[in-house]
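One structure is given here, and the rest of the page talks about it.
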Amino acid sequence: MRRWPVLLMLFALVALVAGGVFAGEAAPLATNEAVEKRLMAISEELRCLVCQNESIAGSQADLANDLRREIRKMIGEGKTDREILDFMVARYGDFVRYRPPVKPSTWALWGGPFILLAGGLGALVFFLRRRNRMAPPPILSEEQRRHAAALLDQSDT
Amino acid sequence: MKRFLLPLAAFAVLIGFLAIGLTRDPRDVPSPLIGKPAPAFTLPQLHDAAKSFSVADMKGRVWLLNVWASWCVACREEHPVLVEFAKTGQVPIIGLDYKDKVADARQWLDKLGNPYTLTAVDADGRVGIDYGVYGVPETYVIDKQGIIRMKHTGPITPESLNKKILPLVAELSR
């Protein structure tokens with residue numbers, strides 16, 4: 001009987017701590033769902049420069065954390081997506097964008113695949129045509145064919 | 001023989017591209033800040049938090065801004081080069097202690113030597129973002145008008161110091 005108060009207090013403590021943990025995790029998401037959504041959309045477009053094949057959305061690098069914090073702040077200040085992307089490009093260059101703008105220095109990047117594709121198609125057409133032109137001569141000449149037909153006719157009877 | 005000529009040429013071109021690719025460092029991202037004014041900041045100094053340092057304080061001088069941290073392994077590699085260079089007193093080197101603890105940073109300098117004219121503390125890395133810092137150490141060469149003239153990413157080696165940084169500093173100091 002003496003143990004009850006202690007147990008109760010323990011329960012109360014656990015409930016308090018657990019409640020605190022839940023409150024701490026859930027609150028920011030619930031209140032800022034729209035902000036988090038925009039943050040994800042923007043940071044998906046940005047390359048993390050520490051681990052270059054990851055986006056800022058996906059990276060756990062310290063810098064990516066900081067940049068997400070900055071983006072969140074700018075969203076809070078009412079900046080547009082365009083302004084936020086410009087902020088990043090002004091500091092880290094076009095390289096931070098997974099889809100860099102089309103301009104003279106990125107023409108090869110954007111156009112290269114299409115030029116290669118056109119080259120490949122051109123080569124394909126060229127070789128197919130050449131192959132058709134060089135069609136192999138028939139296996140039997142006209143005379144040989146008649147001779148063969150005659151032999152076959154004979155064997156029928 | 002002729003039929004091999006075209007694939008061979010294509011292969012040679014590919015090898016050429018790959019060979020050039022090998023000589024380039026994919027981590028060395030060109031900074032868009034070159035030729036632009038160094039982003040302004042005012043931060044507390046490492047050895048005296050009551051004093052602050054502003055970019056504007058350096059107007060009229062050619063200087064180096066070296067971003068470092070006590071947790072950064074590559075900075076350890078670079079540090080002796082900076083300590084040696086600082087002895088010549090050619091240009092002031094301002095340290096930017098990036099996302100670091102003040103106590104750790106002070107201890108680091110006490111142990112390894114302090115090449116910096118002074119060090120500013122960028123505790124949350126906000127100034128680092130303005131400078132496009134993505135991998136410490138990074139070094140900026142800033143001219144008398146406060147324009148960033150060069151950025152060196154990664155540890156400074158005696159070679160990069162003598163071949164890249166010092167010639168530029170000499171030219172800017174004229």
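General remarks:
- Degrees between helix B:102-112 axis and first principal axis of chain B (Cα, 0 to 90, nearest 10): 70
- For A:61-74, mean number of other protein chain Cβ atoms within 10 Å: 2
- Annotation for region B:14-80: chymotrypsin sites (Phe, Trp or Tyr not before Pro) lying in DSSP loop with at most 16 further Cβ atoms inside 10 Å of their Cβ are B:71.
- Under 16 Å from the Cα of residue B:164 - lysines, other chains or at least 8 residues apart: B:151
- Helix B:73-88 axis versus longest C-alpha principal axis of chain B: approximately 70°, rounded to the nearest ten.
- Convex hull volume of the C-alpha atoms in region B:32-173, normalised per residue: 97 Å³.
- Peptide B:26-39, shielding by other chains (average Cβ, 10 Å cutoff): 3
- Ratio Rg/Rh [Cα only; Rh per Kirkwood] for the protein assembly as shown: 1.28
- Helix-only [θ]222 nm of the protein assembly as shown, DSSP H runs n ≥ 4, -39500 (n - 2.57) each, per residue, nearest 500: -17000 deg cm²/dmol
- Peptides A:48-57, A:74-83, ordered by how many other C-beta atoms sit within 10 Å of their residues on average, highest first, read A:48-57, A:74-83.
- For region B:15-130, DSSP calls about 30 percent of its internal beta bridges antiparallel.
- Per-residue ³J(HN,Hα) for region B:158-174, Karplus 6.51 cos²θ - 1.76 cosθ + 1.60, θ = phi - 60°, Hz, x for Gly and Pro: x, 5, 5, 5, 6, 8, 9, 6, 5, x, 5, 4, 4, 5, 6, 6, 4
- Pair residue A:115, residue B:52: separation of 7 Å Cα→Cβ label points (nm): 5.1
- Total charge dipole magnitude, the protein assembly as shown, about the Cα centre, Cβ charges on Lys, Arg, Asp, Glu only, Debye to nearest 20: 580
- Of all lysines in the structure, the ones whose alpha carbon falls short of 23 Å from that of residue A:103, not counting any fewer than 8 places away in one chain, are B:36.
- Diffusion coefficient of region B:1-78 by Stokes-Einstein, Kirkwood radius over Cα pairs, 10 °C, 1.306 mPa s: 88 µm²/s.
- Set of lysines with alpha-carbon distance to residue B:51 below 25 Å, sequence-local pairs under 8 removed: B:59, B:87, B:99, B:101, B:111, B:144
- Packing-based ranking, highest mean first, of B:77-90, A:97-110 given that Cβ atoms within 10 Å are counted: B:77-90, A:97-110
- Normalised by the number of residues in region B:32-173, the average gap of Cα pairs under 8 Å and 6 or more apart makes the relative contact order 34 percent.
- When the convex hull of its Cα atoms is projected in every direction, mean area for region A:102-157 (nm²): 6.2
- DSSP beta bridges in the protein assembly as shown [antiparallel fraction, %, rounded to 5]: 65
- Nearest-20 debye value, region B:32-173 charge dipole, Cβ charges on Lys, Arg, Asp, Glu: 280
- For peptide A:82-94, the mean count of partner chain Cβ atoms within 10 Å of a residue's Cβ comes to 3.
A short reminder: the numbers here are calculations on the coordinates, not readings from a lab. Everything numeric in this text was worked out from a predicted model, so none of it was measured. So basically every Cβ, Gly included, is an ideal-geometry build from the backbone, and we count neighbours across all protein chains shown.
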